[in-house]
1. Sequence-distant or interchain residues sharing an amide H contact under 5 Å with Gly26, placed H: which?
2. How much length, in nm to one decimal, is gained on full extension between His87 and Ala41, taken as 0.36 nm per residue of separation minus their Cα-Cα distance?
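No lab work stands behind these numbers, since they all come straight from the coordinates. What you see is a predicted model, and the numbers here were worked out from it, not measured in a lab.
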Amino acid sequence: MLIWDNKVASGIRFARRLVASGTSNGRVHLNDARDGHALLAIDAHPGGVLSVAFSPDGMQLVSTGYDNKARLWDVATGAPVQTLDGHNWWVWA
């Protein structure tokens with residue numbers, strides 16, 4: 001199952017039949033954990049994604065990147081919910 005565009009995956013998490021992965025090209029991918037089907041691809045961070053993590057209910061996803069930001073996403077739509085900035089260094093989830 002290919003879940004990233006031939007880029008290095010940086011943090012893979014599972015929640016409610018979903019797999020989230022972040023890549024070195026700055027994208028976050030959501031895939032169906034049962035069959036690997038691509039559900040969403042989000043241009044999340046310039047310079048690459050460091051980590052991803054689901055909320056406890058699996059409805060939101062946080063991604064962190066080399067841009068020193070944490071971004072919160074709606075899992076159902078891929079829409080941005082909130083950006084947490086002001087960090088002085090890379091952020092890890």
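1. Residues meeting the amide H criterion: Gly48, Val49.
2. Numbers: separation 46, 0.36 × 46 = 16.56 nm, distance 2.50 nm.
Full extension from His87 to Ala41 adds 14.1 nm.
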